[in-house]
Amino acid sequence: MTRDTMRQGNRRQFLRGAVVGGAAGLTGLAGCIQSSGDGNGDGNGNGNGNGNGGASGTVPLAVLEPFTGPFSALAEERHRGTELAIEQINESDEYEFEFEYEDYDTQLDSESAIQEANNAVQSQGAEFFTGCISSSVALAINDFAQNNEVLYTPGAADVSITGENCNEWVFRFETSTAQIAEVMSRWMAEEMGDQLFYHIADYAYGDSVHNEIGTRMENLSDGYEEVGITRSDPGSTDFASFITQISDASDEADALVVGMTGADLATFLTQAKDRGLHDEIPIVTTTGSFRAVMSGAGEGAYGIYSGTRYVPTIETGDNQTFVSDYQDAYDGDLPDNFSRVGYESIRMVANGIREADSTDPADVRDTLPGLEHETIFGPVEFRECDHQATNPVWMAECVEPEEGDIADVNLLEGWELDGEEAAPDCESTGCSL
């Protein structure tokens, strides 16, 4: 099943009648909540559930993704997880409401994203929004959510989304750069050294990687030094000059930290491999374990290290049920990081609607903070202080596979941090909810 197939005909009618993967499609609905609502409704369409299934009716949902451009492969991964969760919720007796959703192409442009979000409000009546993999675009939708009082679950990792640019309408299941930087910095300080060269994409996400890792390395090592830094524009296709600069400094640096994602990172790794950079300096990335990146990079992903948000092999929560349902729905394909982000973003919002016993986004906003959910990672909540999900993180090495071309991801023993260890202290986030 592909997104294009799903878009043919009347999507809303499809969602009322479709079951992903047959009966197996329903088994991934953990969605359990540790407390239960009082079931009191106002009789006016908000909170009109029966106390067992929560709010009833339909919930218009806008899915904002960069379906075209360098992040399109990541967008497709996230969209699949989003669709799977929507279909399971709509077919489950655990929820009295149904999501009705429409797709909107943000590309990699904040203005386009705002235009599409306005379109979703005006044409669809959307009050719940999800998506946006680019951090710069997600930050624009952060502001839109606050200004329009709609609930938003972003797909981007820049720290400020749930940091200094946080607001009460935004809840993030995607693992933040701060959480990834925590495990990466501890691992590099112990296993690699404290002399680092950086190459980052020149926008919010790249800056976030640079700042978060640099700050942590300074705290971990008195001898930490930034040997150098290069920056490339998003969407760049020629990294030769940057690779030359990095190569020239490789004798002075213990590792190269690359803060990019999507097609940009895949292209960089491919060109770095062709120019022999892998043999000159260890390459440590923030998103190199993403399947879409490894697929695009081919042999360029072999031998690199990556902070890791998710791999389908983990035995946590109901992840293996999720993996099975996903494979049933998508011709045996395995889920990737953004698949699980789309999936759990929708499930956690659905739990919030059910617990609030209301489809009013303001009621859900007030219910979600601190509410514990059973997820693919086990118990997870959106923290009350910043609305960031308490996700675990890992360090991994991407290695040559025994078969096929896409690298295998080997989690490094002893380098897992749970949600509490990985998350920054609330006082340090810059968020003042």
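The values are calculated or read from the model by the stated rules, or taken from the named source; none is laboratory data. Just so you know, these numbers come straight off a predicted model, no measurement behind them. Backbone-built Cβ (ideal geometry, glycine too); neighbour counts: all protein chains shown. All accessible areas refer to the heavy atoms of the entire protein, side chains included, with ligands and DNA or RNA removed. Shrake-Rupley method; radii C 1.70, N 1.55, O 1.52, S 1.80 Å.
Take 279-285, 226-232 and order them by the average number of nearby Cβ atoms within 10 Å per residue, most first; the result is 279-285, 226-232.
When each of the peptides 392-398, 211-217 is scored by the mean number of other C-beta atoms lying within 10 Å of its residues, the order from highest to lowest reads 392-398, 211-217. Volume per residue of the convex hull around the Cα atoms, evaluated for the range 141-193, comes out as 69 Å³. Taking Cα atoms only, the orientation of helix 262-274 departs from the longest principal axis of the chain by about 20 degrees.
DSSP beta bridges fully contained in the chain are about 30 percent antiparallel.
Per-residue packing, averaged as other Cβ atoms within 10 Å, sorts the ranges 356-367, 76-87 into the order 76-87, 356-367, beginning with the highest.
Counting every alpha-carbon pair across the range 275-364, the share separated by more than 16 Å comes to 66%. Rounded is the label for the range 61-176, because the ratio a/c of its alpha-carbon gyration tensor axes (a ≥ b ≥ c) stays below 1.5. Against the empirical curve 2.2 N^0.38 Å, the C-alpha radius of gyration of the range 205-250 lands at a ratio of 1.36.
Put simply, the amide H of Y101, placed in the peptide plane, has neighbours under 5 Å in L61, leaving out anything fewer than 5 places away on its chain.
Shown in residue order for the range 362-374 are the 3J(HN,Hα) couplings computed by the Karplus curve 6.51 cos²θ - 1.76 cosθ + 1.60 at θ = phi - 60°: 5, 5, 5, 4, 6, 8, 5, x, x, 6, 8, 10, 8 Hz (x for Gly and Pro). For the range 225-364, the fraction of 1.4 Å probe accessible surface lying on carbon and sulfur atoms is 38 percent. Applying both filters, DSSP loop and at most 12 other Cβ atoms within 10 Å, to the chymotrypsin sites (Phe, Trp or Tyr not before Pro) of the range 119-195 eliminates every site.
At a threshold of 8 angstrom on Cα-Cα distance, excluding pairs fewer than six apart, so keeping six or more, what relative contact order does the chain reach in percent?
Answer for the chain is 21 percent.
Specify whether the C-alpha gyration tensor of the range 173-328 places it in the rounded, prolate or oblate class, a ≥ b ≥ c being the square roots of the eigenvalues: rounded for a/c under 1.5, otherwise prolate if a/b is larger than b/c and oblate if not. The shape class here is oblate.
Between N119 and S221, full extension at 0.36 nm per residue minus the direct alpha carbon distance yields a gain of 31.8 nm. The tail of the calculated P(r) for the range 145-254 beyond 22 Å holds 43 percent of all Cα-Cα pairs. Highest mobility in the GNM of the chain, judged by mean-square fluctuation with C-alpha springs under 10 Å and restricted to E402, E384, E421, is found for E402.
Would you work out the Kirkwood radius for the range 224-285? I mean one over the mean of 1/r across all pairs of different Cα atoms, in Å. Walk me through the numbers before you get to the answer.
Details: mean 1/r = 0.0845 Å⁻¹.
After inverting the mean inverse Cα-Cα distance, the result is 11.8 Å.
Only helices enter this figure: runs of n ≥ 4 DSSP H residues, each worth -39500 (n - 2.57), summed and divided by the residues of the chain, yield -11000 deg cm²/dmol at 222 nm to the nearest 500. By its C-alpha gyration tensor, with a ≥ b ≥ c as the square roots of the eigenvalues, how is the range 96-160 shaped: rounded for a/c under 1.5, else prolate for a/b larger than b/c, else oblate? Because a/c hits 1.5 or more and a/b exceeds b/c, the range 96-160 counts as prolate. Computed over the Cα atoms of the range 314-370, the ratio of the radius of gyration to the Kirkwood radius (Rg/Rh) comes to 1.10.
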